Amino acid sequence: MRTIIVIGVLAVFQLSAAQYDTENLESVSYEVTRLADSYEERLYEASKWACHDLLKDTYGFKAQRESFLPLFRYITGDNVEGAEIDMTASVTIRKDVLPEAGKRYQMCFYMPAAYQAAPPAPTNPDVYIEDRPPMTVLTRVFGGFAMRESVWEEEAASLRQILQDAGEKDIDFSLHYRLQYDPPMKFENRRNEVWYVKKK
């Protein structure tokens, strides 16, 4: 089973291998504002992200590749400036359940500091720049290769239950973010997260 997962990961991220020569990738800044027994609260600053949306029932290897490749092409020159933009950590995937359209999966790459003020416009109409406002999230870190939909659903359900049992208020449980921080070639001590966002 582990071999199958690894092959799937490499298939999805094969074009990005060269950008993962180091683990010291730039990432969005945050402040840990509160520590609980099994989760933490963080405040993220406003930031810009390159994003791609898919309406799918599930978000397996094929669907992830459908989002990843346009975004990867964007940072490797498929933009109005022809700019080559460094890969960042981590990739975020937001899952929303829409009343009439099913599930929306939004994959985003964080824009490095050099491009935060003015990211180059995408040439692919399916890629867009999102301005994320400051947001407070509740999250916890877990390890392993989290590539299957069932793994993410279990982690999201588990964190939701933990937060509800802890009496957390004003949490938007209609959506969650999924994050992977590590290159596909890293096999030990991997970092993954699920985020729930606090309502304003």
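Rolling a 1.4 Å probe over the protein heavy atoms gives the chain an accessible area of 50 Å² per residue. Of PHE142, PHE187, PHE109, the order by accessible heavy-atom surface (1.4 Å probe, DNA, RNA and ligands excluded), from most exposed downward, is PHE187, PHE142, PHE109. By accessible area, using a 1.4 Å probe on protein heavy atoms only, segment 45-114 has 48% of its surface on carbon and sulfur.
Net charge dipole, the chain: roughly 360 debye, given to the nearest 20, about the Cα centre with Cβ charges of +1 for Lys and Arg and -1 for Asp and Glu. Ranking LYS95, LYS169, LYS103 by solvent-accessible area of protein heavy atoms (1.4 Å probe, all protein chains present), from largest to smallest, gives LYS169, LYS103, LYS95. What is the sum of charges, Lys and Arg at +1 and Asp and Glu at -1, for the other residues whose Cβ falls under 12 Å from the Cβ of GLY143? Here the count lands on 0. I want to verify the translational diffusion coefficient of the chain in µm²/s; compute it with Stokes-Einstein, Rh as the Kirkwood radius over Cα pairs, at 37 °C and 0.692 mPa s. Value of D from the Cα-based Kirkwood radius: 187 µm²/s.
As a test of the formula, what do you get for the chain when each DSSP H run with n ≥ 4 contributes -39,500 (n - 2.57) and the sum is divided by the residue count, at 222 nm and rounded to the nearest 500 deg cm²/dmol?
Working: 4 runs with 48 residues, N = 200.
Value at 222 nm, helices only: -7500 deg cm²/dmol.
How much solvent-accessible surface does MET87 expose, in Å² to the nearest 10, with a 1.4 Å probe and all protein chains in place? So the heavy atoms of MET87 present about 10 Å² to solvent. Our coupling estimate for segment 37-47, obtained by passing each phi through the Karplus curve with A = 6.51, B = -1.76, C = 1.60 and θ = phi - 60°, is 4, 10, 7, 9, 9, 10, 10, 9, 6, 4, 7 Hz, Gly and Pro reported as x. Here's how it looks for GLY77: its modeled amide H is under 5 Å from those of ILE85, which are all 5 or more places away or on a different chain.
The values are calculated or read from the model by the stated rules, or taken from the named source; none is laboratory data. Quick caveat: nothing in here was measured; it's all calculated off a predicted structure. Positions of Cβ are generated from backbone atoms using ideal geometry, with glycine treated the same way; all protein chains shown enter the neighbour counts. Just so you know, the surface numbers come from the protein's heavy atoms only, side chains and all, with ligands and any DNA or RNA stripped out. Shrake-Rupley method; radii C 1.70, N 1.55, O 1.52, S 1.80 Å.
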